[in-house]
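Novice: Please see the structure below; I have some questions.
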Amino acid sequence: MRTGPDAGYWSGPWPGEDGGPRRLGVPADASPAPVITTGTPVDVVSRTDPLITMVVTRDPGEVFLLRNGMGPDVTCSVERIDPDSLVAVADSGPLAGGRMWPGGLAAHANGSLYVVFGRHAHRLAPDLTVLASTELPRDRPYNSFVILPDGTLVTKDFAGSLPGAPVAPDERVPCELVALEPDGLTVLDRLVLPEPSIARLSSDGRHVYVVGDASLLRVGWDGRFVPDPGFRAAYLTEEGQTYGWDCVLALGAAWFLDDGDGSTNFDGSFRGKGISTTPLQLIRVDLADGSVSSAAVCEAAGGLITNPPIVDEQRRIAVGYDSGNGVMAAFDIDDDGGLTPRWRRDHDHASHLLLLPGSGALVTGDHDRARMVEQVVVVDIATGTELVRTDTEGPLQSAVFPALGWDTTVYWCSLSTVSRLRFG
């Protein structure tokens, strides 16, 4: 049984995206994690099917895969897959969705699985029987959700451009938070935010954090939404800078990457697709006073990201990346939150990250555009030294979610492919 900020989630190794609502990208419980060193052998099995977003792992052997169709108005589905072969052994069947943008899947502390995709939310039993469904208020895609410690689900509509449907900055509409009770998915409360948001939500206890398209916002939860008007940390301060994506809540701060505009230029990779003219920044917002500081990940124009950094709380190291220019960089975090460059490498990474904190192994992607193959590369977070590199069968650069399984297993998802990597 979990306690603290993750109390709303099941006690498996990876019950939701990024391992939990603070988006730390680390194992969510004490499950054994792979010990990866230089040259550790890895066995890879891949399965290609459109469109794959994420895996969550619940009880031993229970691996659940979220997929959706293609087009402007599509359904999604959840499969339980064999943890080794990745073959589907159960399927929810089509679940109502809406406009296409990657949604979310999580294993709740009450034993159910929850899906948010398009403008719908669904509650599933572990056997993937549908227990409840609801249509969400706005005819827009809702990009996933967080589960609060009392079990409430909080979701939000997506304010960014969709494939084939660009939205100019002055045309973005302020987003709305929606709280759902977990039994029947009844709407408990709604709150229109002060600005649009493209990023996914993060939460810590009863506080929900929203990276808006210009500021970091905070909203409390006490059975209803409690706005915090005194906390609005403006990070969009330079001409040519564009909005941030999801934030990591660690070491008393929110951490995220900016220059997020341009993701709809994706053509199998993000290399060369950025439109921002200021260097891409790793941004830190102090959660006590709202002060904002930053450090450049890459000094070149054309930076682009669609996902969060990683923060190693144990070693006080933050790692950011620039998918538009193919750079990854690490920074030491001092006691006051200051950032000092630690290492930097050419690295075509774009997805969410997975950290094995015990060994400091950081699981990343490195897309080989010449061969159109996504590689999984494990590096030492302390030094940037490459430990393991292996091909998957995925042709697309991953912009979605990895997950941790059991028995030294990691699951790597791209929009085209899911791979099982067994180390050792």
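Novice: Taking springs between alpha-carbon atoms closer than 10 angstrom, which of R224, R67, R123 fluctuates most in the Gaussian network model of the chain?
Specialist: Fluctuation is largest for R224.
Novice: I need the peptides 10-19, 54-63 ranked by packing, meaning the mean over residues of other C-beta atoms within 10 angstrom, with the highest value on top.
Specialist: Top to bottom by mean Cβ count within 10 Å: 10-19, 54-63.
Novice: Moving to a separate point now. Taking springs between alpha-carbon atoms closer than 10 angstrom, which of W245, W343, W412 fluctuates most in the Gaussian network model of the chain?
Specialist: Among W245, W343, W412, the largest GNM mean-square fluctuation belongs to W343.
Novice: Going 7 Å from the Cα of V373 in the Cα-to-Cβ direction, what parts of the range 75-92 have a backbone nitrogen less than 14 Å from that spot?
Specialist: From the range 75-92, the list is empty.
Novice: Relative contact order for the chain: what percent, with Cα pairs under 8 Å and sequence separation of 6 or more?
Specialist: Reported as a whole number, the value is 16 percent.
Novice: Counting other beta carbons within 10 Å of each residue's own, what order do M100, M328 fall into, fewest first?
Specialist: Going from least to most buried by this count: M100, M328.
Novice: What order do you get for 173-180, 359-366, 38-45 when each peptide is scored by the mean count of other beta carbon atoms within 10 Å, highest first?
Specialist: 359-366, 173-180, 38-45
Novice: Which of A165, A121, A107 moves most in a GNM of the chain, Cα contacts under 10 Å?
Specialist: With Cα springs under 10 Å in the chain, the top fluctuation among A165, A121, A107 is at A165.
Novice: For the range 49-166, just say rounded, prolate or oblate: build the C-alpha gyration tensor, square-root its eigenvalues into a ≥ b ≥ c, call rounded for a/c under 1.5, and beyond that prolate if a/b exceeds b/c, oblate if not.
Specialist: Cα axes put the range 49-166 in the oblate bin.
Novice: Just report the Cα centroid separation between the range 245-306 and the range 340-364, whole Å.
Specialist: Here the answer is 15 Å between Cα centres.
Novice: Can you work out the Karplus-derived ³J(HN,Hα) for every residue in the range 140-146? Use 6.51 cos²θ - 1.76 cosθ + 1.60 with θ = phi - 60°, whole Hz, and x for glycine or proline.
Specialist: For the range 140-146, the Karplus-derived couplings read 9, x, 9, 9, 6, 6, 10 Hz, x marking Gly and Pro.
Novice: With the Cα gyration tensor of the range 108-233 giving a ≥ b ≥ c as the square roots of its eigenvalues, does the rule (a/c under 1.5 for rounded; else a/b larger than b/c for prolate; else oblate) give rounded, prolate or oblate?
Specialist: Judged from the Cα gyration tensor, the range 108-233 comes out oblate (a/c at least 1.5, b/c at or above a/b).
Novice: Any idea how far apart R190 and N265 come out in nm if each label point goes 7 Å out from Cα toward Cβ?
Specialist: Inter-label distance under the simple model: 3.6 nm.
Novice: Only one of the listed values, (i) 25, 54, 19, 1; (ii) 29, 63, 7; (iii) 27, 57, 16, 0, was derived from the coordinates as P(r) over Cα pairs in 20 Å bins from 0, in percent; which label is it?
Specialist: Derived directly from the coordinates: (ii).
None of the figures in this text is laboratory data; all of them are computed from the coordinates on show. This is a predicted model, so every value here is computed, not measured. FYI the Cβ positions are ideal-geometry reconstructions off the backbone, even for glycines, and counts take in every protein chain you see.
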